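Structure, as structure tokens:
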There are 2 protein chains.
Amino acid sequence: MGALGLAPSAEASAKAAFEPPEPSHFSLTGRSAKKVVILGAGVAGLATAYELGKAGYDCTILEALDRVGGRNWTIRGGDRLTELDGSTQVARFREGVYMNAGPARLAQWMVTMDYCRELGVDLEVFTNSNAQAYIYHQSMPAPVRWRTAKADVYGYVSELLSRATDAGALDAALTTQDKERLIAFLSGFGSVGNRASGFAYTGGSRRGYSVDPGAGEQTGTPLGPVPSLSEVLSSGVGQRFSFEFGYDQAMLMFQPVGGMDAIPRAFAAKIGRQRIRLGSVVTKITDWADGVEVEYRDGRGRTQKIRADLCVAAMPPHILARTPHNLGAEVQAALSTPNVTNSGKIGLEYRRRWWEIDEDIYGGITSTDLDLATIWYPSHGYGAARGLVVGYYNFGAQADAYAALKHADRERRAVEQGMRIHGAKYRDELVSSVSVAWKLQPHIEGAWVGWPSRQGAYQLLNSPAGHVYFAGDWLSHMIAWQSGALESARKVVTELHQRTLSTA
Amino acid sequence: MGALGLAPSAEASAKAAFEPPEPSHFSLTGRSAKKVVILGAGVAGLATAYELGKAGYDCTILEALDRVGGRNWTIRGGDRLTELDGSTQVARFREGVYMNAGPARLAQWMVTMDYCRELGVDLEVFTNSNAQAYIYHQSMPAPVRWRTAKADVYGYVSELLSRATDAGALDAALTTQDKERLIAFLSGFGSVGNRASGFAYTGGSRRGYSVDPGAGEQTGTPLGPVPSLSEVLSSGVGQRFSFEFGYDQAMLMFQPVGGMDAIPRAFAAKIGRQRIRLGSVVTKITDWADGVEVEYRDGRGRTQKIRADLCVAAMPPHILARTPHNLGAEVQAALSTPNVTNSGKIGLEYRRRWWEIDEDIYGGITSTDLDLATIWYPSHGYGAARGLVVGYYNFGAQADAYAALKHADRERRAVEQGMRIHGAKYRDELVSSVSVAWKLQPHIEGAWVGWPSRQGAYQLLNSPAGHVYFAGDWLSHMIAWQSGALESARKVVTELHQRTLSTA
């Protein structure tokens, strides 16, 4: 586009520039790569070690869990979940069935996509919206498919705005030509009648069919009856539409083939598994004049120490806030500042993909005002024997309500509610389930955090405390996204490398 | 849903019922399966043989081309294309690169999805719409991303309708509560300001960013400037939106993994390749009192004859109309009735997936008012080394204009136009291409047909002429869709089987 001076090249450069550290940088300065200890093998910690490793930094990652990835966690058959109170679930999913318990979708513009390319992680579409999925509000007599809801809302909006425009109600804002163009747009947008009909919306094929078009004389019967304008407005279906207009949620969205943990697994393979100490719980961080010392409890319960030139603390802030350190009262107060949000998911494994076979729903999300919030149909394995439906993905108070229950009760509640949309098969064809309550996950204890303000504490932790840097999605403007963690890691890597290059 | 009496079960039954023929049907009646000759190994012919074969019918398919599938044609490296005038192209695509020259997408509700499940054809999402792709009209200063166009149109529509509603212009149609609900909906739908601001649309994050949100102080810079209402209306971008509301085009859409021809290949494997005579051009159809005789020219140029009890002619009507037969003047006139539409595609193979790497476009379609009509980014192979962009998919006069050119000139024209959207790399990184002009494809000579009326000729051909049945998408209400061909095949199979069961 450069040659033509058109917009796309400008848009394409919207990503923050990043130059990975290289060994050659040291040959120019006479300085050398440092030893770095990284706290946490979540996405931020892994990306930090990966990028620093490109220039030969000697990185060691301490990770409290027995796996890499942090909240990027794909649960498969045989995996064990233990909550803070010791209660345990073991996933019994069949081969090929999995649940991304944490992050589950990537937007195209996010740097996560570039890392997938660089790491060789295969991608496929994540079905974030689907015209064939449902919207269900408890005030409605029945679930309605997204396509039907959109046809009705866009139809009536077009009818109303056409009439107001044609009647001159907007003449102060619209030229005669604007009015013609607006009415022409609305005619197609809402599929409404002409002026003589009062621009009436009367339904049509976009709503779907009660009898599909077919062969011979099968012309198809559009779905009816068409609800009234008042019924459509009171249903509230239109409130769901703007979700998919979001910069971070608009389709197309993507996921790694085979599970989201393909990303941390690929990072770990590049870093070298020998650099990652699993089951290592950080118990103390001490900043010295010439470096940093981290004390931790290893997998056998023994206390160990590691010394390094620099440290990157890529743990959740609320976990760091409980870890003894000598970084000062201001840092301690800052770490305690963000508010932790809970979220939860249940994975329901079915013996039959009834959503595809019976309801023609191949992926996507049903949105509800039930406390399950959303039901997700799988974005892979179309046509396979089994499949996993996410029976709830919710957060805040709704997630807390499920977290307060034992797993069996979470399942019962999710299934009872889901039956209101999908009927008895939602209970009868279930073969196994697993639920995660993020606030109850050891060493994580939350889904993501929010900052009361981006001043003060946020700014403080975006700078190093002595030899200790902080990294994570919680230090970005893309909280709860892996891309936030990745961008934060890149920022810290850049700053740490510049410091290394400029100091002896 | 049955137990609860909610809507979905009614919607789920929208498909036409179909009971495949079974061997047991004969044991009840004492009758036996017949010998059937099927003309054409396109989707309709294959499905006919497949379904009849379930009950033991002795089917033989005559196919003029050297492959099965008809218009369902996936072009890969090494494949040869010859047009009616004898001009030839050989595809030079690298392994894994292909173009679906004909049908390329499946809607979830279509029976094609069910056949994929039954035949074991793996599916993946076909990216029929993408917020990150462009809309480009020649009157616009630059291409605009779909997300940006939607934000602007929905923003101004919401502003205008909010103002008209609030000013009482629609009081005759709206109750006070309706008005409140409508304004609340529009607030989110258009992301517009409050009453005090005059419900003003002033842009926002949905348009996209010129600097993406990132780590630390990188809050992100929303894309600007926001065009005026008049500019948005005169651009005509909104006219593109309703495409994706169509019952047959709304996302999610699907494609077979590895190429659309997985469907005919799977049918052929189930039918048995020995039942399909490739390179067999039908030269005469004769209906006798006790059956039917078909004369054809085999692959070596020899005239052959085949006798059968019944025949299913699943060829394009305009090709049938040129084939000698004794089915009468009315049938002949009917076969000549539909109007043939042309369409064309060019596959541009690039050495680098610049649409992903430079422009963050992972699939989807750019819509234009250029005569290339649309540019399609690939729905598979994300992150791979190479990829194929469909440089035009057009029909009618636009397709005729390209069909009139030699391949090299088609490529030049498509690339020159595409450069207006994607710049010089659209030319410079191209490594090979292949173009198809459907009206110039031997034994097919068109993309699809249209009926001036569904009375008369259409009805006549939906009934058998003696022992000859007709099948194809052209005899359905889903013309140009494989599902139309499949539904037509099912209809003919049902009728033919009932006849067999009821006559000696």
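Only the coordinates and a few stated rules stand behind these numbers; no lab work does. Because the structure is predicted, anything quoted here is derived from the model rather than measured. As a convention, Cβ positions derive from the backbone with ideal geometry for all residues, glycine included, and neighbour counts pool all protein chains shown.
If you check residue A:193 against the conditions, is it more than 9 Å from chain B (Cβ to nearest Cβ) and either over 40 Å from the mean Cα position of the chain (by Cα) or not charged (D, E, K, R) (or both)? Before you say what the answer is, go through the steps one by one.
Values: more than 9 Å from chain B (Cβ to nearest Cβ): yes; either over 40 Å from the mean Cα position of the chain (by Cα) or not charged (D, E, K, R) (or both): yes.
Yes: the conditions hold for residue A:193.
Every residue, every condition in (1) over 24 Å from the mean Cα position of the chain (by Cα); (2) under 26 Å from residue A:309 (Cβ atoms), yes or no:
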{"site": "A:40", "(1), (2)": "no, yes"}
{"site": "A:48", "(1), (2)": "no, yes"}
{"site": "A:55", "(1), (2)": "yes, yes"}
{"site": "A:60", "(1), (2)": "yes, yes"}
{"site": "A:72", "(1), (2)": "no, no"}
{"site": "A:77", "(1), (2)": "no, no"}
{"site": "A:82", "(1), (2)": "no, no"}
{"site": "A:99", "(1), (2)": "no, no"}
{"site": "A:102", "(1), (2)": "no, no"}
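Of everything in segment A:108-129, what is acidic (Asp, Glu) and either assigned to a loop (DSSP other than H, G, I, E, B) or within 18 Å of residue A:377 (Cα to Cα) (or both)? Give them in sequence order.
Here is the first cut: in segment A:108-129, the residues acidic (Asp, Glu) are A:114, A:118, A:122, A:124.
Scanning segment A:108-129 gives A:122, A:124.
Hey, can you tell me all the residues within segment A:161-174 that are surrounded by 24 or more Cβ atoms within 10 Å (Cβ to Cβ) and either touching a residue at least 24 places away in the same chain (Cβ under 8 Å) or in contact with a Cys (Cβ under 7 Å, 6 or more places away or on another chain) (or both)?
Taking segment A:161-174 and keeping what is surrounded by 24 or more Cβ atoms within 10 Å (Cβ to Cβ), we get A:161-162, A:165.
Matches in segment A:161-174: A:161, A:162.
Just a yes or no: is a residue in segment B:281-298 in contact (Cβ under 8 Å) with a residue 12 or more places away in the chain, closer than 27 Å to residue A:240 by Cβ and among the aromatic types (Phe, Trp, Tyr)?
No, segment B:281-298 has no match at all.
If you go through segment B:242-271 one residue at a time, how many are touching a helix residue (DSSP H, G or I) at 6+ places or on another chain (Cβ under 8 Å), within 26 Å of residue A:376 (Cα to Cα) and buried (at least 20 other Cβ atoms within 10 Å of the Cβ)?
6
Just a yes or no: is a residue in segment B:86-104 on the phi > 0 side of the Ramachandran plot and crowded, with 24+ Cβ neighbours inside 10 Å? Break it down stepwise before answering.
Going residue by residue through segment B:86-104, those that are on the phi > 0 side of the Ramachandran plot are B:86, B:96.
Applying the additional criterion that residues be crowded, with 24+ Cβ neighbours inside 10 Å yields none.
Looking for residues that are on the phi > 0 side of the Ramachandran plot and crowded, with 24+ Cβ neighbours inside 10 Å, one finds none in segment B:86-104, hence no.
Would you check which residues across segment B:111-120 are surrounded by 24 or more Cβ atoms within 10 Å (Cβ to Cβ) and facing chain A (nearest Cβ under 10 Å) and list them? Show your work before the answer.
From segment B:111-120, those surrounded by 24 or more Cβ atoms within 10 Å (Cβ to Cβ) are B:111-112; that's our starting set.
B:111 - this is the single residue of segment B:111-120 that is surrounded by 24 or more Cβ atoms within 10 Å (Cβ to Cβ) and facing chain A (nearest Cβ under 10 Å).
Residue-by-condition table, conditions (1) hydroxyl-bearing (Ser, Thr, Tyr); (2) part of a strand (DSSP E or B); (3) more than 12 Å from chain B (Cβ to nearest Cβ):
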residue	(1), (2), (3)
A:432	yes, yes, yes
A:439	no, no, yes
A:442	no, no, yes
A:446	no, no, yes
A:453	yes, no, yes
A:460	no, no, no
A:463	yes, no, no
A:469	yes, yes, no
A:478	no, no, no
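Which residues, taken from segment B:149-174, are in a helix (DSSP H, G or I) and more than 9 Å from chain A (Cβ to nearest Cβ)?
Of segment B:149-174, the ones in a helix (DSSP H, G or I) are B:149-166.
Those that are in a helix (DSSP H, G or I) and more than 9 Å from chain A (Cβ to nearest Cβ): B:149, B:152, B:155, B:162, B:166.
From the residues in segment B:247-276 that are of a type in the set (A, V, I, L, M) and farther than 27 Å from residue A:146 by Cα, which one is farthest from the other protein chains (Cβ to nearest Cβ)?
In the first step, residues of segment B:247-276 are kept if they are of a type in the set (A, V, I, L, M); the result is B:250-253, B:257, B:260, B:262-263, B:266, B:268-269, B:271, B:276.
In the following step, the residues that additionally are farther than 27 Å from residue A:146 by Cα were identified as B:260, B:262-263, B:266, B:268-269, B:271, B:276.
Values: B:260: 15, B:262: 12, B:263: 13, B:266: 12, B:268: 19, B:269: 17, B:271: 20, B:276: 23 Å.
Going through the qualifying residues, I end up with B:276.
Suppose we keep only residues that are assigned to a strand (DSSP E or B) and aliphatic (A, V, I, L, M) within segment B:38-56. Which one would you say is surrounded by the most Cβ atoms within 10 Å (Cβ to Cβ)?
Taking segment B:38-56 and keeping what is assigned to a strand (DSSP E or B), we get B:38-39, B:42.
Next, from what is left, pick out any that are aliphatic (A, V, I, L, M): B:38-39.
Values: B:38: 33, B:39: 28.
In this case the residue turns out to be B:38.
If I ask for residues that are surrounded by 19 or more Cβ atoms within 10 Å (Cβ to Cβ) and more than 7 Å from every other protein chain (Cβ to nearest Cβ), which ones from segment A:204-221 would you list?
Within segment A:204-221, just A:207 meets the criteria.
Go through the residues of segment A:101-108 one by one and say whether even a single one is closer than 30 Å to residue A:266 by Cα and within 7 Å of another protein chain (Cβ to nearest Cβ). So that I can check it myself, show each step before the final result.
Pass one, segment A:101-108, residues closer than 30 Å to residue A:266 by Cα: A:101-108.
This time we only want the ones that are within 7 Å of another protein chain (Cβ to nearest Cβ), so: A:108.
Scanning segment A:101-108, I find at least one residue that is closer than 30 Å to residue A:266 by Cα and within 7 Å of another protein chain (Cβ to nearest Cβ), so the answer is yes.
So is residue B:438 in contact with a Ser or Thr (Cβ under 7 Å, 6 or more places away or on another chain), under 23 Å from residue B:394 (Cα atoms) and surrounded by 17 or more Cβ atoms within 10 Å (Cβ to Cβ) or not? Spell out the reasoning first.
Values: in contact with a Ser or Thr (Cβ under 7 Å, 6 or more places away or on another chain): yes; under 23 Å from residue B:394 (Cα atoms): yes; surrounded by 17 or more Cβ atoms within 10 Å (Cβ to Cβ): yes.
Spelling it out, residue B:438 is indeed in contact with a Ser or Thr (Cβ under 7 Å, 6 or more places away or on another chain), under 23 Å from residue B:394 (Cα atoms) and surrounded by 17 or more Cβ atoms within 10 Å (Cβ to Cβ).
Test residue A:355 against the criterion of being more than 18 Å from residue A:411 (Cα to Cα) and more than 9 Å from every other protein chain (Cβ to nearest Cβ), and give yes or no. Show your work before the answer.
Details: more than 18 Å from residue A:411 (Cα to Cα): yes; more than 9 Å from every other protein chain (Cβ to nearest Cβ): yes.
So residue A:355 fits the description; yes.
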